[in-house]
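For reference, the structure discussed in these notes is given below.
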Amino acid sequence: MRARALFALVVALWGAAAARDALDGWVAATDLPPLAAETSVEVLARDSTLLRAYTVADGRWRLAVAADAVDPLYLRMLIAYEDKRFYRHAGVDLPALARAAAQAAWNGHVVSGGSTLTMQVARLIEDGPTGRWSGKLRQIRVALALERRLDKAAILALYLNRAPFGGNLEGIRAASRAWFGKPPHRLTAAQAALLVALPQSPETRRPDRFPDAARAARDRVLARLVDHGVLDPARAEAARREPVPTARRPFPALAPHMADRALADRPLAARHRLAIDAGLQTRMQNLARRSVRDRGERLSVAIVVADHRSGEILASVGSAGYTDRARQGYVDMTQAPRSPGSALKPLIYGLAFDQGLGHPETLIADRPTSFGRYAPTNFDGRFRGDIRMREALQLSLNIPAVALTEALGPARVMAHLRRAGMTPALPGGSPGLAIALGGLGVTLEDLARLYAALGNGGRPVGLHWRADTAPRAPGPAVLSDVAAWQVADILRGTPPPVAAGQTGLAFKTGTSYGHRDAWAAGFDGRHVIAVWIGRADGTPVPGAFGGDLAAPVLFEAFALLKQRLDPLPPPPPGTLRVANAGLPQPLQRFRGRGAALAAAAPDAPQLIYPPDGAELELGGLGLVLKLRSGVPPFTVLFNGAPLATGQQRREINLPAPGAGFVTVSVIDSGGRATRADLYLR
């Protein structure tokens, strides 16, 4: 008897081992589907706030999420309701399966599924059937294989990212956004219970279509969680009184044009972090909508806000409404080349100051003038006669600006636009005098670059919109610090719009030919904002002026940015702050190209040393200038600021200037000048 019993035990053990080995082989041979699923591309603000997300290829919202980014209460509720032995079983809960089978046999239909969370994940990754025994067997096999290859945290993460929550929502993060407008790390008990209930029957319990069914399912979850001790009765009762949502909330759509740029720039990246401030972006988008709401259905607006110290673009609004078809809102008007009107005049005046052609107090003629075949007029058709350059810029007079451009040369103006980081577009190829009045194309973002340089002491600012991209090293100065300060000082004296609420903002407006574009750009000691208003298709807007349309938006944008303007810096050392009578004689009146530049006259001064474009190693020593011709006394200017006056000799010794780029101008008693651009070490 003992031998037979021993033999039977051996056979039983052998059979069990064989069955175990067969099961092991069956599970090991399981061919798992891909576990990684495509998730929505996300564009984040500087503080990681979600600005915009994109659906995956099949049109579903599936936002990636980790378990530690989900409310712990939801996780406890999910485990307690769906799979209380989740952390103890190996993928299949045999008691639960046995109970489900017995209930089905007794009742003649399925009462409870007996599926573990791992089995549900198996169904989700294969998108397989749930009710048939063949489907259930496949889920068991895949679940066992998953448990062997992944830990519990990874399996839970698969569920959190793939569970269905109604419509095209997959994953707890997309569901929490759509149903509650919040991330899943701060759910209420009622919200968590609803999100536990939805995946069981996501279409028949959709709150936006079947709110009663959603409420009933949520309340059943709450009741069972009381039984399991996860919630106390009082908290569950309070949760039952909370209403269920009756509509889906839209996903964030902040900075949509900038988000599209980020995606086009790095199409393979799953996440893009921008320098955008989400709160400021929201305020600017609301401002854009308000500013054109009652001005016709085709008018649009664009706004760029940047920190000219760091170069970060803090807000970028490409249109009045991304989905507004009447306004062609899908067009990013921060990137569209348009005529800037008078908005480039501050650069022209700054260059004139740098080149020794004038000073803010220099008199310049505003009278009918022809420049070859080009005979510009002022916007209002009036002429002011002799006027200070300061007032000519504040009044945005056209003839003085064109006269300065002729003296400077259009090519020099274009070169300094490019120094500012701009990419101006010329319709005719070579620049002409019309560029002074907007005869070229620039983008709103480029205009912000120019005004950022003005606010940054004349140094170019590498505006950038990605948080993880450092700005490029600045190149040569756009203007000297003296000329940049002089321009800023003039612009902050421009009368602001009525009811602007803030004073001291350095700003300029512009209106393109035919009233197609209205511009305003301004800066204080920290920030720069540029505004464009017009029609995206380029058709005229009757009666549109930069001062009337864009300037009020500019001032409101600064008010939304901060309560108080940052002060502009004090004048740099060497800034000449005198009235017209106190200026050196050659600077008291602008005489135009023939008098101010080195002309064909044989006795015009010539700077024979150092030559134009020279790089000099001074080593702390002074700078020696050597002149030929010209009639003394001579006036020497560094970057437009008088450094030496009344010089009688043709060899002039100057104190050691600072290192860097410098423009040296020498003017003789007849107003004729010579100059050289130098780099000093």
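What follows is calculated from the coordinates using simple rules that are stated; it is not laboratory data. These figures come from a predicted structure and were not determined experimentally. Here the Cβ is made from the backbone with ideal geometry for all residues, glycine too, and neighbour counts use every protein chain on show.
Structure notes:
- Each listed q (0.05, 0.08, 0.10 Å⁻¹) maps to a log10 I(q)/I(0) for the chain, found by the Debye formula over equal Cα scatterers with no solvent: -0.40, -0.73, -0.93.
- Applying 0.36 nm per residue to the separation of residue 67 and residue 608 and subtracting their alpha-carbon distance, the gain on full extension is 187.3 nm.
- As a calculated quantity, the FRET efficiency between residue 35 and residue 208 at R0 = 30 Å, using C-beta atoms, amounts to about 0.45.
- Per-pair calculated FRET efficiency, R0 = 22 Å: residue 548 and residue 290 via Cβ, rounded to 0.05: 0.85
- As a rough footprinting exposure proxy, the listed residues 283, 46, 186, 338 were ranked by other beta carbons within 10 Å of their own, and the order from fewest upward is 186, 46, 283, 338.
- The alpha-carbon atoms of region 307-376, seen along their principal axes, cover 50, 37, 17 angstrom, with the largest extent given first.
- Counting only whole DSSP H helices of the chain, the ones at least 18 Å long by C-alpha along their axis and with mean Kyte-Doolittle hydropathy no lower than 0.0 are 2-28, 94-107.
- Label zone at residue 370 (point 7 Å along Cα-to-Cβ), backbone N below 20 Å, region 396-411: 398-407
- Distance between the 7 Å Cα→Cβ label points at residue 226 and residue 309: 5.7 nm.
- Around the amide H of residue 634, modelled in the peptide plane, lie the amide H atoms of 646, 647, 648, all under 5 Å away and 5 or more residues distant in sequence or on another chain.
- Restricting attention to the chain, the count of lysine pairs at 8 or more positions apart or across chains with alpha carbons under 23 Å apart stands at 5.
- Residue 467-residue 330 FRET efficiency (beta carbon distance; Förster radius 22 Å; 0.05 resolution): 0.30
- Per-residue packing, averaged as other Cβ atoms within 10 Å, sorts the ranges 351-359, 420-428 into the order 351-359, 420-428, beginning with the highest.
- Counting only DSSP beta bridges with both residues in the chain, the antiparallel share comes to about 85 percent.
- Segment residue 489-residue 49, length gained on full extension (0.36 nm per residue, minus Cα span): 154.6 nm
- Fewest neighbouring Cβ atoms within 10 Å first, the residues 55, 494, 539, 116 line up as 539, 55, 494, 116.
- Residue order, fewest to most beta carbons within 10 Å, for 566, 481: 566, 481
- Using the average count of surrounding beta-carbon atoms within 10 Å as a protection proxy, the listed peptides 253-263, 290-300 rank, highest first, as 253-263, 290-300.
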